[in-house]
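Only one structure is covered here, and it is reproduced in the block below.
The values are calculated or read from the model by the stated rules, or taken from the named source; none is laboratory data. What you see is a predicted model; the values in this text were computed from it and never measured. No Cβ is skipped: glycine too gets one built from the backbone with ideal geometry, and neighbour counts run over all protein chains shown. Ligands, DNA and RNA are excluded from the accessible area calculation, which covers all protein heavy atoms including side chains. Shrake-Rupley method; radii C 1.70, N 1.55, O 1.52, S 1.80 Å.
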Amino acid sequence: MTSAVTPVLDQPQVIEVQPNGDMDGATRIYKKHLGDMSGIYVDEAAYQAQVAEKGAEELIYYVHEHKYQDGPGSLIVGTSTLLPGKVGDEYAVTRGHIHAQENRAELYHCLSGHGLMLLETRSGESFVAELTPGKAVNVPGHWIHRSVNVGDEPFVTLFCYASDAGQNYDIIAHANGMKTIIVDDGEGGWKAAPNPRHGGYAAGDQ
Ligand SMILES: [Fe+2]
């Protein structure tokens with residue numbers, strides 16, 4: 001007689017997601033403050049002035065995550081809420097990353113606000129996805145990605161990616177920022193501009 005081992009399957013989950021990014025039952029919530037954004041913005045003097053004025057604890061963005069499974073094939077679902085603002089002429093951004101497992105893709109679906117997903121590859125390709133509620137961007141593997149808030153309200157996205165993807169933030173730091181920055185166009189809108197500090201990305205593991 002043989003005994004079969006019955007795997008214990010994780011249970012389906014219904015997640016209630018609000019337009020402001022609130023989710024019930026998050027398994028992890030993290031916040032980034034102004035003091036965490038050192039070296040991110042091109043105008044260092046404007047950044048330091050803002051830290052002096054608002055304090056290092058000023059909230060910049062926060063993330064709710066739902067991770068109910070581990071291992072290949074499982075997903076992390078969550079929301080990212082990036083508050084509006086500028087440092088110098090540059091619109092508020094998240095730190096940005098490429099996935100540690102670089103072939104892992106990600107979906108971002110805008111729930112509220114007006115923002116961009118700024119996308120670049122190690123080889124120098126750039127893509128700007130403008131997002132308003134109802135629009136989504138499919139970020140393929142091997143693309144560095146960062147959110148930018150170009151509106152007056154919080155920019156909220158629902159994201160979904162493989163739970164074994166991981167994040168590599170150093171790729172942007174080592175290049176002295178992304179190749180493209182998003183700045184005020186002088187008329188209340190936004191434009192993409194070259195980052196004068198960008199030194200190019202190192203070759204990767206593609
Ligand atoms: Fe990601």
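A few points about this structure:
- Some residue of segment 105-127 being surrounded by fewer than 19 Cβ atoms within 10 Å (Cβ to Cβ) and aromatic (Phe, Trp, Tyr): yes
- Of all residues in segment 41-87, those satisfying the criterion of being of a type in the set (A, V, I, L, M), open to solvent by 30 Å² or more (accessible area, probe 1.4 Å) and outside any strand (DSSP E or B) are Val42, Ala45, Ala49, Val51, Ala52, Ala56, Leu83.
- Here is the figure for segment 128-153: residues that are touching a Pro at 6+ places or on another chain (Cβ under 7 Å) and either within 12 Å of the ligand (Cβ to nearest atom) or open to solvent by 40 Å² or more (accessible area, probe 1.4 Å) (or both) total 2.
- Meets criteria (in contact with a strand residue (DSSP E or B) (Cβ under 7 Å, 6 or more places away or on another chain), without any contact (Cβ under 8 Å) to a residue 40 or more places away in the chain and open to solvent by 20 Å² or more (accessible area, probe 1.4 Å)) for Asp185: yes
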